[in-house]
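Asks: Pasting a structure below so you can have a look.
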Amino acid sequence: MTNDVVIEAHGLDLTFQTGDGPVHALKGVDLSVEAGEFVSFIGPSGCGKTTFLRVVAALEHPTGGTITVNGMTPDEARRKRAYGYVFQAAGLYPWRTIGGNVRLPLEIMGYSKAEQAERVARVLELVDLAGFEKKFPWQLSGGMQQRASIARALAFDADILLMDEPFGALDEIVRDRLNEELLGLWGRTGKTIGFVTHSIPEAVYLSTKIVVMSPRPGRITDVIDSPLPKERPLDIRDSPEFIEIAHRVREGLRAGHGDEV
Amino acid sequence: MTRIAPVLTVLAILVGLWYAAVAPMNIRVALDQAQRDGVAVVPDTPVARREAGIVGLLVQNAGVIPATYDLDRPRLPTPGQVGAELWKTTGEMVMNGRAFSKRGLIYHGWITLQSTLFGFALGTALGIIGAVAIVYSRTMEMSLMPWAIISQTIPIVALAPMIIVLSSQVGIEGRGVPKAIISAYLCFFPVLVGMTKGLRAPGPEQLDLLRTYSTPGWQSFLKLRLPTSVPYLFTSLKIGIAAALVGTIVGELPTGAISGLGARILIGDQFGNPLAIWAALFAAAILAGALVTLLGWTQSVVLRRMGMGL
């Protein structure tokens, strides 16, 4: 087990200036994520979970505190291809085939044609979409489209995978399957994963670390290190340990709400 | 079959209305003609007829009604007469081996088509360049868009003669180029507006995705904004080409042009030949329909190739 810290935040603040006055999206956030961890961010809307992920990705810039990704600023880390980002909508280009979509970042980053083809084939295999390379997105189900968007984020070998409610728009059955597959993928690739969700079972099932957040101002109320083993069949969700962690997450969410009233 | 029935029904109703309108519109002319030919008509002086109501004239001179459908210079020709005139100035001339005679509509349609296509190309290029400038520069948006909108509020009929005069001042010979400029003037606007919308169509998530790859601006343009704008572009092009044709015909109207469909309309008017006007109008409509249909086909082929056609 390595103990390399890949994401480290100290006293992170982010305030948006809006017409209705300042909005404290993040306030005093301290967090460190080690290599190979699966970290879920859970909390109600407006708690800053997505904002935190966007700060890591240098899509937003903090107004206070410090954050490093692989020991660099988020902007530098992005230029070094430190992370792949998966959005809630698969966002595949309708005019590109599945293979073409996965190839998009590789083209932009200037990989050779041969290497592009080799990588596209490899990551499509990884997300169980081998054979769909020549299909267009509209020919695939929502779950398959989201798998293709994960393949796109994996194509250029970033060590960190940032996922913003990637399965939020999918139905329960598809979501369960993708969760199981995501765990398998994480086990095989050893990536560090940051995963935003508002589903308690999803967070508990997937994570080695659960970050519970609460809104106004967006802050961390609890960080839970999961004692669950790395091998997790779906029925682990009926075990007492699972239920206990889920209970603690729920308590954390309730406490965050209590402050406000 | 089920789809063709309603289309034919609407067509039949339109043609029926047209035929029904022919008798009342032409009755006075037909009565004048009949009287000259020695037929007794009621009332028997042109002045009295001018004061009589149309319904009354039709009822009192029912025997003359068939003649309203067969006048040489009708106020309103029948669809059949317009069709015959169209055939006489196109198909029949082709059969006689004089397809490009200056008396035929093929020659005049070709003249109009050339200027239209030239103007369309010019207008489309200007519209696309303008849209790119607007999307990438706030300053351009503030300085270009108001002028583009104002330009479309000026009646083109007022502007056309000035464009022709100014063109000849800078040494441009002939009518082709000034007509194309007028045509481009009408055509660039829909392309500008449509392309601006199309280039701005990618959502924030799609732009964020490219930011996560640190994508250079020109690559986001080529890989995201341009392909996204293609369906918008085609919609604008279809409006643009119809506008370009109108522009060309307007450019031929008030300017003393002697060839082109606009010139045929003007000459028909000056020589009191309504059949020539109607035939030229229909030729223009058929040309516009053909151009828009052609673009529609291109659109479906391109979108299908891009994987976006359904």
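The values are calculated or read from the model by the stated rules, or taken from the named source; none is laboratory data. Predicted model, so just to flag it, every value in this text is computed and none were measured. Cβ atoms come from the backbone with ideal geometry, glycine included; neighbour counts cover every protein chain shown.
Asks: Quick check on A:G46: is it small (G, A, S), more than 8 Å from chain B (Cβ to nearest Cβ) and closer than 23 Å to B:W218 by Cβ? It would help to see each step written out before you state the result.
Replies: On the way: small (G, A, S): yes; more than 8 Å from chain B (Cβ to nearest Cβ): yes; closer than 23 Å to B:W218 by Cβ: no.
Here the answer is no, as A:G46 does not meet what is asked.
Asks: Let me ask you something else. Pick from B:G38, B:G80, B:G63: which is farther than 23 Å from B:I277 by Cβ, outside the structural domain of B:F271 (by TED's automatic domain parsing) and part of a helix (DSSP H, G or I)?
Replies: Going through B:G38, B:G80, B:G63 in turn, just one is farther than 23 Å from B:I277 by Cβ, outside the structural domain of B:F271 (by TED's automatic domain parsing) and part of a helix (DSSP H, G or I): B:G63.
Asks: A follow-up question, please. Hey, among the residues in the range A:105-132 that are in contact (Cβ under 8 Å) with a residue 24 or more places away in the chain and within 13 Å of chain B (Cβ to nearest Cβ), which one's nearest to the chain's Cα centre (by Cα)?
Replies: Step one: of the range A:105-132, the residues in contact (Cβ under 8 Å) with a residue 24 or more places away in the chain are A:105-106, A:109, A:111, A:119-120, A:123-124, A:126-129, A:132.
Filter once more, so that each one left must be within 13 Å of chain B (Cβ to nearest Cβ): A:105-106, A:109, A:111.
On the way: A:P105: 18, A:L106: 21, A:M109: 22, A:Y111: 25 Å.
Filtering the range A:105-132 for residues that are in contact (Cβ under 8 Å) with a residue 24 or more places away in the chain and within 13 Å of chain B (Cβ to nearest Cβ), the one nearest to the chain's Cα centre (by Cα) comes out as A:P105.
Asks: Would it be correct to say that A:A82 is among the hydrophobic types (A, V, I, L, M, F, W, C) and either within 13 Å of another protein chain (Cβ to nearest Cβ) or under 23 Å from the mean Cα position of the chain (by Cα) (or both)?
Replies: Numbers: among the hydrophobic types (A, V, I, L, M, F, W, C): yes; either within 13 Å of another protein chain (Cβ to nearest Cβ) or under 23 Å from the mean Cα position of the chain (by Cα) (or both): yes.
Yes: the conditions hold for A:A82.
Asks: Return yes or no: is B:T68 over 26 Å from B:A288 (Cα atoms) and within 31 Å of the chain's Cα centre (by Cα)?
Replies: yes
Asks: Search the range A:85-99 for residues being out of contact with any Phe, Trp or Tyr (no Cβ under 7 Å at 6 or more places or on another chain) and at the interface with another protein chain (Cβ under 9 Å from one of its Cβ atoms), and hand back the single one that is surrounded by the most Cβ atoms within 10 Å (Cβ to Cβ).
Replies: To start, the set of residues in the range A:85-99 that are out of contact with any Phe, Trp or Tyr (no Cβ under 7 Å at 6 or more places or on another chain) comprises A:85-93, A:95-96, A:99.
Restricting the remaining residues to those that are at the interface with another protein chain (Cβ under 9 Å from one of its Cβ atoms) gives A:85, A:87-89, A:91, A:93, A:95-96.
Details: A:Y85: 27, A:F87: 21, A:Q88: 17, A:A89: 19, A:G91: 19, A:Y93: 21, A:W95: 19, A:R96: 18.
Here the answer is A:Y85.
Asks: What about B:P190, is it buried (at least 18 other Cβ atoms within 10 Å of the Cβ), touching a helix residue (DSSP H, G or I) at 6+ places or on another chain (Cβ under 7 Å), within 12 Å of chain A (Cβ to nearest Cβ) and of a type outside the set (A, V, I, L, M)?
Replies: Values: buried (at least 18 other Cβ atoms within 10 Å of the Cβ): yes; touching a helix residue (DSSP H, G or I) at 6+ places or on another chain (Cβ under 7 Å): yes; within 12 Å of chain A (Cβ to nearest Cβ): no; of a type outside the set (A, V, I, L, M): yes.
So B:P190 fails the test.
Asks: Which number in (1) among the basic types (K, R); (2) away from chain B (no Cβ under 12 Å); (3) more than 15 Å from the chain's Cα centre (by Cα); (4) surrounded by 18 or more Cβ atoms within 10 Å (Cβ to Cβ) marks the one condition that A:R175 misses?
Replies: (3)
Asks: Let me ask another. Tell me which residues, restricted to the range B:204-221, are at the interface with chain A (Cβ under 7 Å from one of its Cβ atoms) and aromatic (F, W, Y).
Replies: Here is the first cut: in the range B:204-221, the residues at the interface with chain A (Cβ under 7 Å from one of its Cβ atoms) are B:205-206, B:208-209, B:211-215, B:219.
Within the range B:204-221, just B:Y213 meets the criteria.
Asks: Would you pick out the residues in the range A:53-78 that are farther than 22 Å from A:S149 by Cβ and within 11 Å of chain B (Cβ to nearest Cβ)? Explain how you work it out, then say what you get.
Replies: Taking the range A:53-78 as the starting set, the residues that turn out to be farther than 22 Å from A:S149 by Cβ are A:61-68, A:70-73, A:75-76.
Once the filter is applied, which keeps residues that are farther than 22 Å from A:S149 by Cβ and within 11 Å of chain B (Cβ to nearest Cβ), the range A:53-78 yields A:D75, A:E76.
Results for (1) small (G, A, S); (2) closer than 21 Å to B:L210 by Cα; (3) in contact with a strand residue (DSSP E or B) (Cβ under 9 Å, 6 or more places away or on another chain), shown as yes or no for each residue.
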residue	(1), (2), (3)
A:A35	yes, no, yes
A:F38	no, no, yes
A:G43	yes, no, yes
A:T51	no, yes, yes
A:P74	no, yes, yes
A:A117	yes, yes, no
A:V123	no, yes, no
A:P137	no, yes, no
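Asks: So, one more: Tell me which of these B:A201 doesn't satisfy, since it passes every other one: (1) on the phi > 0 side of the Ramachandran plot; (2) within 13 Å of chain A (Cβ to nearest Cβ).
Replies: Status for B:A201: all satisfied but (1).
Asks: Can you tell me which residue within the range A:178-198, out of those that are within 19 Å of A:R250 (Cα to Cα) and modelled with pLDDT of 90 or more, is nearest to the chain's Cα centre (by Cα)?
Replies: Initial filter on the range A:178-198 (within 19 Å of A:R250 (Cα to Cα)): A:195-198.
With the extra rule that they be modelled with pLDDT of 90 or more, the set shrinks to A:195-197.
Working: A:F195: 3, A:V196: 5, A:T197: 8 Å.
Looking at the filtered set, the residue picked out is A:F195.
Asks: A further question on this structure: Quick one: which residue in B:P155, B:P204, B:P161, B:P146 is under 30 Å from A:L59 (Cα atoms) and surrounded by fewer than 21 Cβ atoms within 10 Å (Cβ to Cβ)? Can you show your working first?
Replies: Working: B:P155 fails: under 30 Å from A:L59 (Cα atoms); B:P161 fails: under 30 Å from A:L59 (Cα atoms); B:P146 fails: under 30 Å from A:L59 (Cα atoms).
Of the residues listed, the single one that is under 30 Å from A:L59 (Cα atoms) and surrounded by fewer than 21 Cβ atoms within 10 Å (Cβ to Cβ) is B:P204.
Asks: Would you check if there is a residue in the range A:22-38 being under 18 Å from the mean Cα position of the chain (by Cα), away from chain B (no Cβ under 12 Å) and within 30 Å of A:F132 (Cα to Cα)?
Replies: Taking every residue of the range A:22-38 in turn, at least one turns out to be under 18 Å from the mean Cα position of the chain (by Cα), away from chain B (no Cβ under 12 Å) and within 30 Å of A:F132 (Cα to Cα).
Asks: I've got another one for you. What tally of residues in the range B:278-310 results from selecting those that are more than 14 Å from chain A (Cβ to nearest Cβ) and at pLDDT below 90?
Replies: Residues flagged as more than 14 Å from chain A (Cβ to nearest Cβ) and at pLDDT below 90 within the range B:278-310 amount to 0.
Asks: Going by the structure shown, is B:L126 assigned to a helix (DSSP H, G or I), touching a residue at least 24 places away in the same chain (Cβ under 8 Å) and surrounded by fewer than 19 Cβ atoms within 10 Å (Cβ to Cβ)?
Replies: Against the criterion (assigned to a helix (DSSP H, G or I), touching a residue at least 24 places away in the same chain (Cβ under 8 Å) and surrounded by fewer than 19 Cβ atoms within 10 Å (Cβ to Cβ)), B:L126 qualifies.
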